[in-house]
Amino acid sequence: MTKTKYLLPLVMITSLFFLWGFAYGLLDVLNKHFQETLNITKSRSTLLQAAYFGAYFIVALPAGLFMNRYGYKRGIILGLLLYACGAFGFYPASEASSFNLFLLALFILASGLACLETAANPYVTVLGEPETATTRLNLSQCFNGVGSFLGPVIASYLFFSESAGTDDNNLDSVKMIYVIIGILVLIVAGIFMRTTLPEIKETEIVSSAALNERPLFSHSNFTLGLVTQFFYVAAQVGIAALFINYCTESGVDINNAAAAKFLSIGLILFTVGRFVGTSLMRVIPASRLLAIYALVNVALSVVVISQQQWLSVYALLGLFFFMSIMFPTIFALSIKDLGKHTKKASSFLIMSIVGGAIVPVLMGLLADQYSTAIAYIIPLFCFLIVFFYGLKGHKVKPVG
(Lines give C-alpha, C1' and ligand atoms only; values in the text may rest on other atoms or scores of the structure.)
Protein backbone atom coordinates (compact mmCIF):
# COMPACT_ATOMS: atom_id res chain seq x y z
CA MET A 1 0.00 0.00 0.00
CA THR A 2 1.09 3.59 -0.64
CA LYS A 3 1.34 6.22 2.07
CA THR A 4 -1.72 7.97 0.57
CA LYS A 5 -3.82 4.83 1.03
CA TYR A 6 -2.76 4.67 4.67
CA LEU A 7 -4.06 8.19 5.38
CA LEU A 8 -7.85 7.58 5.51
CA PRO A 9 -7.58 4.42 7.67
CA LEU A 10 -5.21 6.27 10.02
CA VAL A 11 -7.63 9.19 10.37
CA MET A 12 -10.59 6.88 11.03
CA ILE A 13 -8.73 4.79 13.58
CA THR A 14 -7.50 7.95 15.31
CA SER A 15 -11.15 9.01 15.78
CA LEU A 16 -11.59 5.91 17.96
CA PHE A 17 -8.83 7.14 20.28
CA PHE A 18 -10.95 10.26 20.88
CA LEU A 19 -14.04 8.18 21.68
CA TRP A 20 -12.48 6.04 24.37
CA GLY A 21 -10.58 9.03 25.75
CA PHE A 22 -13.88 10.83 26.27
CA ALA A 23 -15.36 7.83 28.10
CA TYR A 24 -12.31 7.67 30.37
CA GLY A 25 -12.44 11.42 31.04
CA LEU A 26 -15.98 11.10 32.40
CA LEU A 27 -15.04 8.19 34.65
CA ASP A 28 -12.93 10.10 37.17
CA VAL A 29 -15.62 12.75 37.70
CA LEU A 30 -18.21 10.01 38.23
CA ASN A 31 -16.17 8.80 41.23
CA LYS A 32 -16.78 11.96 43.22
CA HIS A 33 -20.32 12.42 41.86
CA PHE A 34 -21.38 8.94 42.98
CA GLN A 35 -19.73 9.39 46.39
CA GLU A 36 -22.21 12.19 47.00
CA THR A 37 -25.34 11.22 45.06
CA LEU A 38 -25.27 7.54 46.06
CA ASN A 39 -23.59 8.07 49.46
CA ILE A 40 -20.67 5.67 48.95
CA THR A 41 -17.10 5.69 50.32
CA LYS A 42 -13.96 6.56 48.34
CA SER A 43 -12.86 2.92 48.31
CA ARG A 44 -16.27 1.77 47.04
CA SER A 45 -16.32 4.46 44.35
CA THR A 46 -13.04 3.10 42.95
CA LEU A 47 -15.00 -0.04 42.01
CA LEU A 48 -15.90 2.04 38.95
CA GLN A 49 -12.23 1.75 37.92
CA ALA A 50 -12.29 -1.94 38.85
CA ALA A 51 -15.28 -2.58 36.55
CA TYR A 52 -13.86 -0.42 33.77
CA PHE A 53 -10.34 -1.82 33.69
CA GLY A 54 -11.37 -5.31 34.81
CA ALA A 55 -13.28 -5.54 31.52
CA TYR A 56 -10.00 -4.93 29.67
CA PHE A 57 -8.42 -7.90 31.44
CA ILE A 58 -11.33 -10.24 30.69
CA VAL A 59 -12.14 -9.15 27.14
CA ALA A 60 -8.76 -8.29 25.58
CA LEU A 61 -7.61 -11.84 24.81
CA PRO A 62 -10.97 -12.98 23.35
CA ALA A 63 -10.98 -9.75 21.33
CA GLY A 64 -7.54 -10.59 19.96
CA LEU A 65 -8.67 -14.10 19.03
CA PHE A 66 -11.78 -12.62 17.36
CA MET A 67 -9.61 -10.29 15.26
CA ASN A 68 -7.21 -13.07 14.33
CA ARG A 69 -10.16 -14.85 12.76
CA TYR A 70 -12.31 -11.98 11.47
CA GLY A 71 -9.90 -9.06 11.08
CA TYR A 72 -9.39 -5.59 12.52
CA LYS A 73 -12.50 -4.01 10.98
CA ARG A 74 -14.99 -6.45 12.50
CA GLY A 75 -13.19 -6.20 15.84
CA ILE A 76 -13.64 -2.42 15.73
CA ILE A 77 -17.35 -2.69 14.85
CA LEU A 78 -17.91 -5.19 17.68
CA GLY A 79 -16.20 -2.80 20.08
CA LEU A 80 -18.35 0.14 19.00
CA LEU A 81 -21.57 -1.85 19.42
CA LEU A 82 -20.60 -2.94 22.94
CA TYR A 83 -19.61 0.66 23.75
CA ALA A 84 -23.08 1.87 22.69
CA CYS A 85 -24.88 -0.89 24.64
CA GLY A 86 -22.98 -0.01 27.81
CA ALA A 87 -23.72 3.70 27.37
CA PHE A 88 -27.46 3.01 27.00
CA GLY A 89 -27.25 0.88 30.16
CA PHE A 90 -26.69 4.06 32.18
CA TYR A 91 -30.35 4.97 31.61
CA PRO A 92 -31.90 2.15 33.70
CA ALA A 93 -29.07 2.48 36.25
CA SER A 94 -29.90 6.16 36.72
CA GLU A 95 -33.61 5.44 36.97
CA ALA A 96 -32.97 2.86 39.72
CA SER A 97 -30.21 4.95 41.42
CA SER A 98 -28.28 1.67 41.60
CA PHE A 99 -24.49 1.72 41.90
CA ASN A 100 -24.36 -1.99 41.01
CA LEU A 101 -26.25 -1.37 37.75
CA PHE A 102 -23.83 1.45 36.95
CA LEU A 103 -20.96 -0.99 37.44
CA LEU A 104 -22.59 -3.48 35.05
CA ALA A 105 -23.23 -0.82 32.39
CA LEU A 106 -19.67 0.44 32.74
CA PHE A 107 -18.30 -3.10 32.42
CA ILE A 108 -20.20 -3.59 29.12
CA LEU A 109 -19.05 -0.19 27.86
CA ALA A 110 -15.44 -0.94 28.79
CA SER A 111 -15.65 -4.35 27.09
CA GLY A 112 -16.27 -2.43 23.89
CA LEU A 113 -13.33 -0.15 24.59
CA ALA A 114 -11.11 -3.20 25.18
CA CYS A 115 -12.02 -4.42 21.68
CA LEU A 116 -11.26 -0.99 20.22
CA GLU A 117 -7.90 -0.69 21.97
CA THR A 118 -6.87 -4.24 21.11
CA ALA A 119 -7.51 -3.40 17.44
CA ALA A 120 -6.49 0.23 17.16
CA ASN A 121 -3.15 0.35 19.01
CA PRO A 122 -1.36 -2.32 16.94
CA TYR A 123 -3.19 -1.27 13.76
CA VAL A 124 -1.74 2.25 13.97
CA THR A 125 1.78 0.87 14.46
CA VAL A 126 1.60 -1.13 11.21
CA LEU A 127 -0.07 1.59 9.07
CA GLY A 128 3.27 2.91 7.86
CA GLU A 129 7.01 2.55 8.26
CA PRO A 130 8.19 0.48 11.27
CA GLU A 131 10.76 3.17 12.15
CA THR A 132 8.02 5.73 12.85
CA ALA A 133 5.60 3.36 14.65
CA THR A 134 6.16 4.89 18.12
CA THR A 135 5.73 8.45 16.85
CA ARG A 136 2.60 7.48 14.89
CA LEU A 137 1.00 5.82 17.91
CA ASN A 138 1.82 8.81 20.11
CA LEU A 139 0.23 11.11 17.53
CA SER A 140 -2.99 9.07 17.46
CA GLN A 141 -2.97 8.93 21.25
CA CYS A 142 -2.90 12.75 21.28
CA PHE A 143 -6.55 12.66 20.26
CA ASN A 144 -7.24 10.24 23.08
CA GLY A 145 -5.98 13.03 25.32
CA VAL A 146 -8.31 15.55 23.66
CA GLY A 147 -11.28 13.32 24.51
CA SER A 148 -9.95 12.79 28.03
CA PHE A 149 -9.89 16.48 28.92
CA LEU A 150 -13.22 17.28 27.26
CA GLY A 151 -14.88 14.59 29.42
CA PRO A 152 -14.30 16.25 32.80
CA VAL A 153 -14.97 19.76 31.40
CA ILE A 154 -18.46 18.69 30.31
CA ALA A 155 -19.00 16.54 33.41
CA SER A 156 -18.07 19.37 35.80
CA TYR A 157 -20.86 21.52 34.37
CA LEU A 158 -23.39 18.69 34.25
CA PHE A 159 -22.66 17.13 37.66
CA PHE A 160 -21.40 19.93 39.91
CA SER A 161 -22.71 23.25 38.56
CA GLU A 162 -25.57 25.14 40.21
CA SER A 163 -27.78 24.39 37.21
CA ALA A 164 -27.42 20.67 37.94
CA GLY A 165 -29.77 21.17 40.89
CA THR A 166 -29.51 20.58 44.59
CA ASP A 167 -31.17 17.17 44.75
CA ASP A 168 -28.37 14.75 45.65
CA ASN A 169 -30.30 11.83 44.21
CA ASN A 170 -30.77 13.49 40.81
CA LEU A 171 -28.88 11.41 38.23
CA ASP A 172 -30.60 12.91 35.19
CA SER A 173 -27.36 14.52 33.97
CA VAL A 174 -25.58 11.14 33.99
CA LYS A 175 -28.48 9.53 32.14
CA MET A 176 -28.57 12.26 29.50
CA ILE A 177 -24.87 12.37 28.63
CA TYR A 178 -24.53 8.60 28.25
CA VAL A 179 -27.62 8.29 26.03
CA ILE A 180 -26.11 10.96 23.75
CA ILE A 181 -22.80 9.08 23.73
CA GLY A 182 -24.58 5.84 22.81
CA ILE A 183 -26.28 7.48 19.82
CA LEU A 184 -23.03 9.05 18.57
CA VAL A 185 -21.13 5.76 18.87
CA LEU A 186 -23.83 3.95 16.87
CA ILE A 187 -23.41 6.56 14.12
CA VAL A 188 -19.64 5.97 14.07
CA ALA A 189 -20.23 2.19 13.91
CA GLY A 190 -22.45 2.73 10.87
CA ILE A 191 -19.68 4.73 9.16
CA PHE A 192 -17.14 1.96 9.80
CA MET A 193 -19.55 -0.63 8.40
CA ARG A 194 -19.67 1.31 5.13
CA THR A 195 -15.92 2.03 4.89
CA THR A 196 -13.25 -0.24 3.44
CA LEU A 197 -10.22 -0.68 5.69
CA PRO A 198 -7.01 -2.46 4.63
CA GLU A 199 -6.55 -5.74 6.51
CA ILE A 200 -2.83 -6.09 7.30
CA LYS A 201 -1.85 -9.69 7.96
CA GLU A 202 0.65 -10.65 10.61
CA THR A 203 2.89 -12.10 7.91
CA GLU A 204 3.19 -8.60 6.40
CA ILE A 205 4.55 -7.04 9.59
CA VAL A 206 8.25 -6.44 9.15
CA SER A 207 10.66 -7.97 11.64
CA SER A 208 13.71 -10.18 11.76
CA ALA A 209 12.85 -13.71 10.63
CA ALA A 210 14.97 -15.16 13.43
CA LEU A 211 13.21 -13.04 16.03
CA ASN A 212 9.89 -14.10 14.53
CA GLU A 213 10.57 -17.76 15.25
CA ARG A 214 11.07 -17.24 18.98
CA PRO A 215 8.12 -17.83 21.35
CA LEU A 216 6.32 -14.64 22.35
CA PHE A 217 7.32 -14.73 26.02
CA SER A 218 11.00 -15.16 25.18
CA HIS A 219 11.06 -11.52 23.98
CA SER A 220 12.19 -9.62 27.06
CA ASN A 221 11.09 -6.24 25.68
CA PHE A 222 7.56 -7.68 25.57
CA THR A 223 7.51 -9.47 28.94
CA LEU A 224 9.03 -6.52 30.79
CA GLY A 225 6.76 -4.19 28.83
CA LEU A 226 3.76 -6.20 30.01
CA VAL A 227 4.75 -5.67 33.66
CA THR A 228 5.57 -2.01 33.06
CA GLN A 229 2.27 -1.31 31.33
CA PHE A 230 0.42 -2.87 34.29
CA PHE A 231 2.07 -0.48 36.73
CA TYR A 232 1.92 2.55 34.45
CA VAL A 233 -1.84 2.22 33.92
CA ALA A 234 -2.22 1.63 37.66
CA ALA A 235 -0.47 4.95 38.30
CA GLN A 236 -2.42 6.90 35.67
CA VAL A 237 -5.82 5.62 36.79
CA GLY A 238 -5.08 5.98 40.50
CA ILE A 239 -3.81 9.55 40.12
CA ALA A 240 -6.93 10.63 38.25
CA ALA A 241 -9.41 8.61 40.34
CA LEU A 242 -8.51 10.41 43.59
CA PHE A 243 -7.59 13.73 41.98
CA ILE A 244 -10.77 15.58 43.05
CA ASN A 245 -10.53 14.17 46.57
CA TYR A 246 -6.89 15.29 46.82
CA CYS A 247 -7.67 18.83 45.68
CA THR A 248 -10.64 19.30 48.02
CA GLU A 249 -8.63 17.94 50.97
CA SER A 250 -5.41 19.82 50.17
CA GLY A 251 -6.02 22.75 52.52
CA VAL A 252 -6.65 25.25 49.72
CA ASP A 253 -10.02 26.71 48.72
CA ILE A 254 -11.16 24.26 46.02
CA ASN A 255 -14.68 22.80 45.83
CA ASN A 256 -15.88 19.85 43.74
CA ALA A 257 -16.70 21.91 40.64
CA ALA A 258 -13.35 23.73 40.74
CA ALA A 259 -11.48 20.44 41.33
CA ALA A 260 -13.23 18.87 38.31
CA LYS A 261 -12.07 21.83 36.21
CA PHE A 262 -8.55 21.39 37.59
CA LEU A 263 -8.76 17.76 36.47
CA SER A 264 -9.62 18.97 32.97
CA ILE A 265 -6.54 21.24 33.11
CA GLY A 266 -4.47 18.20 34.06
CA LEU A 267 -5.84 16.34 31.06
CA ILE A 268 -5.12 19.32 28.81
CA LEU A 269 -1.52 19.13 30.05
CA PHE A 270 -1.65 15.39 29.32
CA THR A 271 -2.71 16.14 25.73
CA VAL A 272 -0.15 18.92 25.26
CA GLY A 273 2.49 16.56 26.66
CA ARG A 274 1.69 14.03 23.94
CA PHE A 275 2.09 16.60 21.17
CA VAL A 276 5.32 17.89 22.73
CA GLY A 277 6.58 14.35 23.32
CA THR A 278 5.78 13.30 19.75
CA SER A 279 7.86 16.25 18.52
CA LEU A 280 10.72 15.53 20.92
CA MET A 281 10.91 11.94 19.67
CA ARG A 282 12.24 13.29 16.39
CA VAL A 283 15.48 14.21 18.20
CA ILE A 284 15.41 12.11 21.41
CA PRO A 285 15.01 8.30 21.31
CA ALA A 286 11.57 7.27 22.60
CA SER A 287 13.01 5.01 25.30
CA ARG A 288 15.26 7.77 26.68
CA LEU A 289 12.40 10.26 26.76
CA LEU A 290 10.27 7.68 28.58
CA ALA A 291 12.97 7.30 31.27
CA ILE A 292 13.34 11.08 31.68
CA TYR A 293 9.58 11.62 32.02
CA ALA A 294 9.30 8.79 34.55
CA LEU A 295 12.10 10.19 36.71
CA VAL A 296 10.47 13.64 36.73
CA ASN A 297 7.23 12.03 37.89
CA VAL A 298 8.99 10.29 40.75
CA ALA A 299 10.11 13.71 41.98
CA LEU A 300 6.65 15.25 41.49
CA SER A 301 5.05 12.36 43.40
CA VAL A 302 7.26 13.15 46.40
CA VAL A 303 5.92 16.73 46.36
CA VAL A 304 2.32 15.48 46.13
CA ILE A 305 2.80 13.15 49.12
CA SER A 306 4.37 15.96 51.18
CA GLN A 307 1.08 17.99 51.09
CA GLN A 308 2.51 21.46 50.44
CA GLN A 309 -0.92 22.92 49.60
CA TRP A 310 -0.86 24.77 46.23
CA LEU A 311 2.66 23.53 45.41
CA SER A 312 1.47 19.94 45.76
CA VAL A 313 -1.66 20.64 43.67
CA TYR A 314 0.56 22.04 40.91
CA ALA A 315 2.84 19.00 41.19
CA LEU A 316 -0.23 16.78 40.86
CA LEU A 317 -1.13 18.62 37.64
CA GLY A 318 2.46 18.22 36.44
CA LEU A 319 2.18 14.44 36.72
CA PHE A 320 -0.32 14.48 33.84
CA PHE A 321 2.10 16.24 31.46
CA PHE A 322 4.87 13.73 32.10
CA MET A 323 2.56 10.69 31.99
CA SER A 324 1.46 11.70 28.50
CA ILE A 325 3.78 9.62 26.34
CA MET A 326 4.04 6.60 28.61
CA PHE A 327 1.23 4.30 27.48
CA PRO A 328 1.83 4.49 23.69
CA THR A 329 5.60 4.46 24.08
CA ILE A 330 5.60 1.38 26.33
CA PHE A 331 3.11 -0.26 23.95
CA ALA A 332 5.18 0.40 20.82
CA LEU A 333 8.48 -0.65 22.45
CA SER A 334 6.83 -3.83 23.76
CA ILE A 335 5.63 -5.04 20.34
CA LYS A 336 8.77 -4.02 18.47
CA ASP A 337 10.08 -6.82 16.20
CA LEU A 338 7.37 -9.31 17.27
CA GLY A 339 6.17 -9.95 13.70
CA LYS A 340 3.59 -12.75 13.68
CA HIS A 341 3.13 -12.43 17.45
CA THR A 342 1.95 -8.79 17.20
CA LYS A 343 -1.83 -9.32 17.57
CA LYS A 344 -1.45 -11.78 20.43
CA ALA A 345 1.06 -9.52 22.17
CA SER A 346 -1.31 -6.58 21.78
CA SER A 347 -4.06 -8.56 23.49
CA PHE A 348 -1.82 -9.29 26.47
CA LEU A 349 -0.75 -5.63 26.67
CA ILE A 350 -4.38 -4.52 26.75
CA MET A 351 -5.02 -7.15 29.44
CA SER A 352 -2.26 -5.54 31.50
CA ILE A 353 -4.54 -2.49 31.80
CA VAL A 354 -6.10 -4.48 34.66
CA GLY A 355 -3.56 -2.60 36.78
CA GLY A 356 -6.05 0.23 36.56
CA ALA A 357 -8.68 -2.00 38.17
CA ILE A 358 -6.61 -3.30 41.09
CA VAL A 359 -4.28 -0.55 42.27
CA PRO A 360 -6.80 2.35 42.55
CA VAL A 361 -8.82 0.21 44.96
CA LEU A 362 -5.68 -0.14 47.09
CA MET A 363 -5.20 3.64 46.85
CA GLY A 364 -8.82 4.13 47.95
CA LEU A 365 -8.25 1.91 50.99
CA LEU A 366 -5.10 3.86 51.91
CA ALA A 367 -7.01 7.13 51.45
CA ASP A 368 -9.83 5.95 53.73
CA GLN A 369 -7.42 4.57 56.36
CA TYR A 370 -4.78 7.35 56.34
CA SER A 371 -5.09 10.21 53.84
CA THR A 372 -5.47 10.76 50.11
CA ALA A 373 -1.92 12.18 49.96
CA ILE A 374 -0.42 8.99 51.46
CA ALA A 375 -2.18 6.95 48.75
CA TYR A 376 0.07 8.61 46.14
CA ILE A 377 3.01 6.52 47.38
CA ILE A 378 1.73 3.81 45.03
CA PRO A 379 2.08 5.88 41.81
CA LEU A 380 5.61 6.86 42.92
CA PHE A 381 6.58 3.16 43.02
CA CYS A 382 4.94 2.61 39.62
CA PHE A 383 6.97 5.39 37.98
CA LEU A 384 10.20 3.81 39.24
CA ILE A 385 9.29 0.68 37.25
CA VAL A 386 8.58 2.78 34.15
CA PHE A 387 11.98 4.47 34.59
CA PHE A 388 13.75 1.10 34.61
CA TYR A 389 11.93 -0.02 31.44
CA GLY A 390 12.84 3.15 29.58
CA LEU A 391 16.45 2.88 30.73
CA LYS A 392 17.13 -0.84 30.12
CA GLY A 393 14.07 -3.09 29.98
CA HIS A 394 12.91 -2.06 26.50
CA LYS A 395 15.96 -3.35 24.67
CA VAL A 396 15.34 -6.07 22.08
CA LYS A 397 17.67 -8.94 22.90
CA PRO A 398 19.56 -10.51 19.97
CA VAL A 399 18.86 -14.12 19.00
CA GLY A 400 21.12 -16.69 20.63
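In the range 294-314, which residues are part of a helix (DSSP H, G or I) and touching a residue at least 40 places away in the same chain (Cβ under 8 Å)?
Correct list: ALA294, LEU295, ASN297, VAL298, SER301, VAL302, VAL304, ILE305, TRP310, SER312, VAL313.
I need every pair where a residue in the range 79-92 that is farther than 17 Å from GLU117 by Cβ has its Cβ under 8 Å from the Cβ of a residue that is crowded, with 23+ Cβ neighbours inside 10 Å and among the polar types (S, T, N, Q), sequence separation at least 6 or different chains.
Hits for this filter: zero, empty list.
Which of the residues belonging to the range 361-376 are assigned to a helix (DSSP H, G or I) and either of a type in the set (Gly, Ala, Ser) or at pLDDT 95 or above (or both)?
Matches in the range 361-376: GLY364, ALA367, ALA373, ALA375.
Could you check how many residues of the range 13-28 are among the hydroxyl-bearing types (Ser, Thr, Tyr) and either over 12 Å from the mean Cα position of the chain (by Cα) or not in a helix (DSSP H, G or I) (or both)?
Residues meeting the conditions: 2.
Across the range 111-133, what is the number of residues that are at pLDDT below 75 and under 23 Å from VAL283 (Cβ atoms)?
Residues flagged as at pLDDT below 75 and under 23 Å from VAL283 (Cβ atoms) within the range 111-133 amount to 7.
Just to check your reading of the model, which residue among LEU349, LEU317 is farther than 18 Å from THR118 by Cβ, assigned to a helix (DSSP H, G or I) and aliphatic (A, V, I, L, M)?
Every option except LEU317 fails the conditions.
Condition test on GLY277, is it of a type outside the set (Lys, Arg), within 16 Å of PRO379 (Cα to Cα), at pLDDT 85 or above and not in a loop (DSSP other than H, G, I, E, B)?
no
Of ILE265, ILE254, which residue is more than 14 Å from PRO379 (Cβ to Cβ), modelled with pLDDT under 85 and aliphatic (A, V, I, L, M)?
Every option except ILE254 fails the conditions.
Exactly one condition in (1) of a type in the set (Val, Ile, Thr); (2) within 23 Å of LYS336 (Cα to Cα); (3) surrounded by fewer than 16 Cβ atoms within 10 Å (Cβ to Cβ); (4) touching a Leu at 6+ places or on another chain (Cβ under 9 Å) is false for VAL302; which is it?
(2)
Residues being free of Cβ contacts under 8 Å to residues at least 60 places away in the same chain and within 14 Å of PHE327 (Cβ to Cβ): count how many of those fall in the range 343-391.
Selection size over the range 343-391: 0.
Given the criteria at pLDDT 85 or above and within 17 Å of the chain's Cα centre (by Cα), does GLY318 qualify?
It is false that GLY318 is at pLDDT 85 or above and within 17 Å of the chain's Cα centre (by Cα).
Do we have any residue at all in the range 163-186 that's over 30 Å from THR342 (Cα atoms), in a helix (DSSP H, G or I), modelled with pLDDT under 70 and not basic (Lys, Arg)?
yes
In this structure, does LYS395 turn out to be of a type in the set (Lys, Arg), closer than 18 Å to HIS219 by Cα, touching a helix residue (DSSP H, G or I) at 6+ places or on another chain (Cβ under 6 Å) and touching a residue at least 60 places away in the same chain (Cβ under 8 Å)?
Considered against the rule, which asks whether it is of a type in the set (Lys, Arg), closer than 18 Å to HIS219 by Cα, touching a helix residue (DSSP H, G or I) at 6+ places or on another chain (Cβ under 6 Å) and touching a residue at least 60 places away in the same chain (Cβ under 8 Å), LYS395 comes out as no.
Could you check the range 63-80 and list, in sequence order, the residues that are out of contact with any Leu (no Cβ under 8 Å at 6 or more places or on another chain) and either among the basic types (Lys, Arg) or at pLDDT 90 or above (or both)?
Those that are out of contact with any Leu (no Cβ under 8 Å at 6 or more places or on another chain) and either among the basic types (Lys, Arg) or at pLDDT 90 or above (or both): ARG69, ARG74, ILE77, LEU78.
The values are calculated or read from the model by the stated rules, or taken from the named source; none is laboratory data. Note that the structure is predicted; figures quoted are calculated from it, not measured. When we count neighbours, we look across all protein chains shown, and the Cβ atoms used for this are built from the backbone with ideal geometry, even at glycine.
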